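Report on one structure; see the data block that follows.
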Amino acid sequence: MKKLVKVLALTAVAAMALAGCNSAKDDAKVITMATNAEFPPYEYMENNEVVGIDADIAKAIADKLGYELKIENVDFDSLIPGVQTGKYDFSMAGMTVTDERLEQVNFSQTYATGIQSVIVKEDSAIKTVDDLFAEGASNKIGVQLATTGDIYCTGDIEDAGLGTVERFNKGADAVMALTSGKIDCVVIDNEPAKVFVANNEGLKILDTEYAKEDYAAAIAKENTELLEKFDKALGELIADGTVAEIIGKYIPAE
Ligand code: GLN
């Protein structure tokens, strides 16, 4: 009899664990963050674990709110749909606040700024960002699918007949295509750009910037309760210097 009770109890625990996989929201103790760990130093893989600025800030927020943080590594273009359907409680992925995204999700307060930079080969004919928009321009631009780099270049360049946009799942793959001469430049956020340029010979970042942006966490529109708690915790971590300290740990002052 004792044994049977034990078996039943174990089955119940297993069932709860299984159910927990798909409904992070119902689990009071775990909070699930989705990210795309292809974006150093904000998120990248190290020893099979997602690490980086966003992971550290999210951990500090989860600690404050009394949650255990679980991080799911998914494609960038799955982040917003996953947050919208409640598969993930929030997303942090160096994600830029845009009007279009604000129609789909809510954003926390911003915790960092980003810049869309242009990576070219050292001997490139593209000297400034304006060269991309010059009359008669016809460059092949590499971007990461569904990022703001993709959105801007599709509108400003492809739709304007000034070139074509090649969309890659990973920024690193776009950079590889640039190195091998398949494309003329990569438009991507400045911090990963610096990492990619440091890891590949013969590349440089243009001095001129494509765009300035604000990064924030995305939370489902309905989940205003989490948004409020999240913002309060994040605000405290900004005010007491924790966020600056985390960013400084990954991005040394120049
Ligand atoms: N900041 C860009 C965006 O939000 C890129 C983010 C990323 O690639 N992780 O679209």
(request) May I ask which of LYS59/LYS212; LYS121/LYS249; LYS121/LYS182; LYS127/LYS204; LYS212/LYS232 have a Cα-Cα span longer than 18 Å here? (result) LYS59/LYS212; LYS121/LYS249; LYS212/LYS232
(request) Using amide H atoms built 1.01 Å from N in the peptide plane, name the residues 5+ places from VAL50, or on other chains, whose amide H lies under 5 Å from its own. (result) none
(message) Please compute the Kirkwood hydrodynamic radius of the stretch 47-113 from all pairs of different C-alpha atoms, in Å with one decimal.
(response) 13.0 Å
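Which FRET efficiency value, to the nearest 0.05, is calculated for ALA198 and GLU228 with the Förster distance at 35 angstrom and r the Cβ-Cβ distance?
0.35
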(message) Restricting to bridges with both residues inside the stretch 106-215, how much of the DSSP beta-bridge set is antiparallel, in percent to the nearest 5?
(response) 60 percent
(message) What figure, in Å² to the nearest 10, do you get for the accessible area of ASP240 with a 1.4 Å probe and non-protein molecules left out?
(response) 100 Å²
(message) To check you understand DSSP bridge types, tell me what percent of the beta bridges within the chain (both residues inside) are antiparallel, rounded to 5.
(response) 60 percent
(message) Can you compute the helix-only [θ] at 222 nm over the chain? Use -39500 (n - 2.57) per DSSP H run of at least 4 residues, normalise by all residues, nearest 500 deg cm²/dmol.
(response) -11000 deg cm²/dmol
(request) Express the relative contact order of the chain as a whole percentage, based on alpha carbon pairs under 8 Å and six or more residues apart in sequence. (result) 25 percent
(message) Using only the heavy atoms of the protein chains and a 1.4 Å probe, how would GLU228, GLU46, GLU201, GLU166 rank by accessible area, largest first?
(response) GLU201, GLU228, GLU46, GLU166
(message) Using Cα springs under 10 Å in a Gaussian network model of the chain, which residue among LYS70, LYS59, LYS29 shows the largest mean-square fluctuation?
(response) LYS29
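Where the accessible area of the chain is counted over protein heavy atoms with a 1.4 Å probe, how much of it, in %, is carbon and sulfur?
In the chain, the share of accessible area belonging to carbon and sulfur is 52 percent.
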(message) Given a 10 angstrom Cα cut-off, can you work out which residue in LYS212, LYS87, LYS170 is the most mobile in a GNM of the chain?
(response) LYS212
(request) Could you check the simple spin-label distance between ILE251 and ASP159, using points 7 Å along Cα→Cβ, in nm with one decimal? (result) 2.8 nm
(request) Convert 20 °C to kelvin, take the viscosity as 1.002 mPa s, use the Kirkwood radius over C-alpha pairs of the chain as Rh, and evaluate the Stokes-Einstein diffusion coefficient in µm²/s, rounded to a whole number. (result) 109 µm²/s
(message) Suppose accessible area is computed on protein heavy atoms with a 1.4 Å probe; arrange SER78, SER124, SER138 from highest to lowest.
(response) SER138, SER78, SER124
(message) If every alpha-carbon in the stretch 118-254 counts as one equal scatterer, what log10 I(q)/I(0) does Debye give at q = 0.10, 0.11, 0.12, 0.16 1/Å?
(response) -0.43, -0.51, -0.59, -0.87
(request) Work out the FRET efficiency for ALA177 and GLU49 from their Cβ-Cβ distance, taking R0 = 30 Å, and round it to the nearest 0.05. (result) 0.60
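The values are calculated or read from the model by the stated rules, or taken from the named source; none is laboratory data. Keep in mind that this is a model prediction, so the values were computed, not measured. As a convention, Cβ positions derive from the backbone with ideal geometry for all residues, glycine included, and neighbour counts pool all protein chains shown. Note: accessible area is taken over every heavy atom of the protein model, side chains too, but ligands, DNA and RNA are not part of it. Shrake-Rupley method; radii C 1.70, N 1.55, O 1.52, S 1.80 Å.
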